[in-house]
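Below you'll find the structure, written out as structure tokens, and then a few comments.
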């Protein structure tokens, strides 16, 4: 088993090499380059400075990192963050990180197949194939890093859950899936696991701070529980699994509590269920899984017919069904309930509803469909593969390939030639694998099957060049920092990424002067905007700022218009030192006088892209803490950090202090140690009313993630609970050993449950 586990890891590595030959930046594109990698750099710098950046108030649009996909409570992610500032080339670093997680994901699929009785050879085929399935390759590994990491941990949680719920002697060993013979044999014991692996893997899946893996893990656990109830009598093992999973949920609750308790002021809003057609996948498209040329038809950013093979899973998946001994498999149908149930639940999800609370775009669940079907087919092949009556089965495989071609042609009739070639290639590979199985054995057939994954991945990636999703942000941070102006202090850029023309998205072009997404974090500069899927609704409306930091043309007028209740402009209330205007949006800005208190500044070499306003009085972001406005109050900053402002205040008649802090839930104000109420100005700025007669009092404004006390308490309860479960597990294991003298777990051979006799 270890040998084929090594084959799985090496196979994923070779697959990555094939993809990189097709596109060297494939794993550094879209959200990875614009959101995650810059976030790693920023968080890593903060951690190295001894700060735990739950809140960075200067980064208004994305500064609440308990709401972002930052993985603040995920130890492997924190390690990634710590290393990131030391790696100059982020494309190289992101590729290495993703390779590690893809190998973890591949090994997770390998382990899941093993616990359901597949041979190691077919388990390795599934493990190598999964990271190069369509949606996972072109979205999760290319762009959505948290989906990749969460899926990897969820897969290992699945294998650990099955091992734990089955207990001693309950895990299926490798089944006999020889293409020569599928008769009974004696399988090796895989052994069994305790509750701690279940707890650890589930916690890691939850704490990546991405909701989809957490929900998918719940579906997986339900499928495991139902399957084990069908195949084994008694609720006790399932209840043990539920208890271990519950402990992991308690420990991971702090990850999502701040988002849940802040939803009312975020873009996502409160729970809602809507249905639309965007990224909802008809079931017929989801099942078109084995033609590499497939371009499915459903609505997305690119229209109706997709330019990417999103629904592709593996070339062998559908043709292999013709070489399963279904009569033998039917006798052991109970053992496939969990896998089939998981695949069916995922398949139903992909078809909608389009939005369920924070869960949107059902196509994101396509990797779960791929996992379910890959595991199901490879377990069937690993236990019930046969080539008896190979001619008839070959005809059946040909019919299945023809049906795949018809479905693919129906969705995308314009590339009929490529679809014909794709079907011919799949048919040829199927024939070659069957021939190798008959003449050279299962191992040879499996090696060919997984080796074919690499050229297919290469051609799929190569066929979509240039990459449809790439921002083409600079990967070398040192080069980018050297080319970019040294904009110290707090900066606001007004512009729109959509105004960039083809060829301008390079360091020699716009990226030497403009930032979008989290690019400013690469440059170690402090910008108001950033990449955020969970922006503050009222702030976004007030500044007309979008998820990628882009703004509307009216933003310039809004920023220099006085806010009605304070009479101060937004640039003053936000304590901005500099405003950068995109020339493409404001071509004539410098022909107009600068706003009062500001002046135009020349930055040679950057005039084509930006016009820059700076304050006449110099930077103000560090003058008096985060006190933005003090009306009828004397306010002097005493101490300031990212989550707390301490201010000495005096007011004879009563007044108001407005802070340059965005009004996320979680703030608390005290005056000389006594709680005092606070409000938000323009639904955005935290403000405190100071009572009349206040003299030299200490005002403390503190922010903590909403629900943090509850989260810590549930975390402690989860750890305590898993400790109790582990104690019971060790005790029961010792009792089992005492009852079987002369044998240790894993030594005796047992007849494989469900092997064909």
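Kindly provide the set of residues from region 406-446 that are free of Cβ contacts under 8 Å to residues at least 60 places away in the same chain and within 28 Å of residue 120 (Cα to Cα), ordered by number.
428, 431, 432, 435, 436, 439, 440, 444
Residue 89 versus (1) within 17 Å of residue 524 (Cβ to Cβ); (2) modelled with pLDDT under 95: which is the lone unmet condition?
(2)
Could you list all residues from region 602-611 that are buried (at least 18 other Cβ atoms within 10 Å of the Cβ) and touching a residue at least 40 places away in the same chain (Cβ under 8 Å)?
606, 609, 610
When region 223-272 is examined, which residues are found to be closer than 12 Å to residue 338 by Cβ, touching a residue at least 12 places away in the same chain (Cβ under 8 Å) and surrounded by fewer than 21 Cβ atoms within 10 Å (Cβ to Cβ)?
226, 230, 231, 232, 238
Quick check on this structure: which one of 423, 475, 451, 457 is more than 30 Å from residue 302 (Cα to Cα) and either modelled with pLDDT of 95 or more or crowded, with 16+ Cβ neighbours inside 10 Å (or both)?
So the residue among 423, 475, 451, 457 that is more than 30 Å from residue 302 (Cα to Cα) and either modelled with pLDDT of 95 or more or crowded, with 16+ Cβ neighbours inside 10 Å (or both) is 451.
Taking the condition touching a strand residue (DSSP E or B) at 6+ places or on another chain (Cβ under 6 Å), within 25 Å of residue 262 (Cβ to Cβ) and outside the structural domain of residue 47 (by TED's automatic domain parsing), does residue 656 pass?
Criteria met by residue 656.
Inside region 487-564, counting only helices (runs of 4 or more DSSP H) that do not spill past its ends, which hold 1 or more residues that are at pLDDT 95 or above and farther than 17 Å from residue 684 by Cα?
Helices (runs of 4 or more DSSP H) meeting the threshold: 519-522, 555-559.
One residue is enough: does region 47-59 have a residue meeting the conditions crowded, with 20+ Cβ neighbours inside 10 Å and over 21 Å from residue 491 (Cα atoms)?
Among the residues of region 47-59, not one is crowded, with 20+ Cβ neighbours inside 10 Å and over 21 Å from residue 491 (Cα atoms), which makes the answer no.
Among the residues of region 617-630, which ones are surrounded by fewer than 18 Cβ atoms within 10 Å (Cβ to Cβ) and touching a strand residue (DSSP E or B) at 6+ places or on another chain (Cβ under 6 Å)?
The one that is surrounded by fewer than 18 Cβ atoms within 10 Å (Cβ to Cβ) and touching a strand residue (DSSP E or B) at 6+ places or on another chain (Cβ under 6 Å): 624.
Working carefully through the options 597, 605, find the one that is modelled with pLDDT of 95 or more and closer than 22 Å to residue 489 by Cα.
Result of the check over 597, 605: 597.
Give 284, 290 a once-over and let me know the one that is within 29 Å of the chain's Cα centre (by Cα), more than 20 Å from residue 114 (Cβ to Cβ) and outside any loop (DSSP other than H, G, I, E, B).
284
Which condition number in (1) touching a residue at least 40 places away in the same chain (Cβ under 8 Å); (2) closer than 29 Å to residue 136 by Cβ; (3) assigned to a helix (DSSP H, G or I) is the one that residue 29 fails?
Status for residue 29: all satisfied but (3).
Look at region 565-601 and say how many of its residues are surrounded by fewer than 17 Cβ atoms within 10 Å (Cβ to Cβ) and in a strand (DSSP E or B).
So the answer is 3.
With respect to the numbered conditions (1) under 26 Å from residue 340 (Cβ atoms); (2) touching a residue at least 40 places away in the same chain (Cβ under 8 Å), which one is the sole condition not fulfilled by residue 193?
Here residue 193 clears every test but (2).
Testing residue 729 on (1) modelled with pLDDT of 95 or more; (2) in a helix (DSSP H, G or I); (3) touching a helix residue (DSSP H, G or I) at 6+ places or on another chain (Cβ under 7 Å), one condition comes back false. Which one is that?
(1)
Determine whether region 113-120 contains at least one residue that is part of a strand (DSSP E or B) and either in contact (Cβ under 8 Å) with a residue 24 or more places away in the chain or over 30 Å from residue 703 (Cβ atoms) (or both).
yes
Does residue 71 count as surrounded by 18 or more Cβ atoms within 10 Å (Cβ to Cβ), assigned by TED's automatic domain parsing to the domain that holds residue 95 and in a helix (DSSP H, G or I)?
Judged against the criteria, residue 71 is not a match.
Of all helices (runs of 4 or more DSSP H) completely enclosed by region 380-455, which ones contain at least 1 residues that are within 13 Å of residue 291 (Cα to Cα), in the same structural domain as residue 123 (by TED's automatic domain parsing) and out of contact with any helix residue (DSSP H, G or I) (no Cβ under 8 Å at 6 or more places or on another chain)?
Fully inside region 380-455 and qualifying: 390-411, 416-439.
Return the only residue of 62, 143 being over 14 Å from the mean Cα position of the chain (by Cα), within 13 Å of residue 36 (Cβ to Cβ) and either not assigned by TED's automatic domain parsing to the domain that holds residue 453 or not in a helix (DSSP H, G or I) (or both).
Being over 14 Å from the mean Cα position of the chain (by Cα), within 13 Å of residue 36 (Cβ to Cβ) and either not assigned by TED's automatic domain parsing to the domain that holds residue 453 or not in a helix (DSSP H, G or I) (or both) holds for just one of 62, 143, which is 62.
Scan region 338-368 for residues that are part of a loop (DSSP other than H, G, I, E, B) and under 19 Å from residue 161 (Cα atoms) and jot them down.
Result: no residue meets the conditions.
Out of (1) buried (at least 23 other Cβ atoms within 10 Å of the Cβ); (2) in contact with a strand residue (DSSP E or B) (Cβ under 6 Å, 6 or more places away or on another chain), what's the single condition that is false for residue 299?
With (1) buried (at least 23 other Cβ atoms within 10 Å of the Cβ); (2) in contact with a strand residue (DSSP E or B) (Cβ under 6 Å, 6 or more places away or on another chain) applied to residue 299, the lone miss is (1).
So which residues in region 170-209 are at pLDDT 80 or above and buried (at least 24 other Cβ atoms within 10 Å of the Cβ)?
195, 198, 199, 202, 203, 204, 205, 206, 207, 208, 209, listed by residue number.
Tell me whether region 326-336 contains one or more residues that are within 25 Å of residue 141 (Cβ to Cβ), part of a helix (DSSP H, G or I) and either outside the structural domain of residue 147 (by TED's automatic domain parsing) or touching a helix residue (DSSP H, G or I) at 6+ places or on another chain (Cβ under 6 Å) (or both).
No, the conditions are met nowhere in region 326-336.
Quick check on my filter: what residues within region 647-667 are under 37 Å from the mean Cα position of the chain (by Cα) and either assigned to a strand (DSSP E or B) or surrounded by 21 or more Cβ atoms within 10 Å (Cβ to Cβ) (or both)?
658, 659, 660, 661, 662, 663, 664, 667
Kindly establish whether residue 8 is at pLDDT 95 or above, out of contact with any strand residue (DSSP E or B) (no Cβ under 8 Å at 6 or more places or on another chain), within 22 Å of residue 130 (Cβ to Cβ) and not in a helix (DSSP H, G or I).
When the stated conditions are applied, residue 8 does not pass them.
The values are calculated or read from the model by the stated rules, or taken from the named source; none is laboratory data. Treat the numbers as computed from the prediction; the structure is a model and nothing was measured. In this analysis, Cβ positions are derived from the backbone assuming ideal geometry, glycine residues included, and neighbour counts consider all displayed protein chains.
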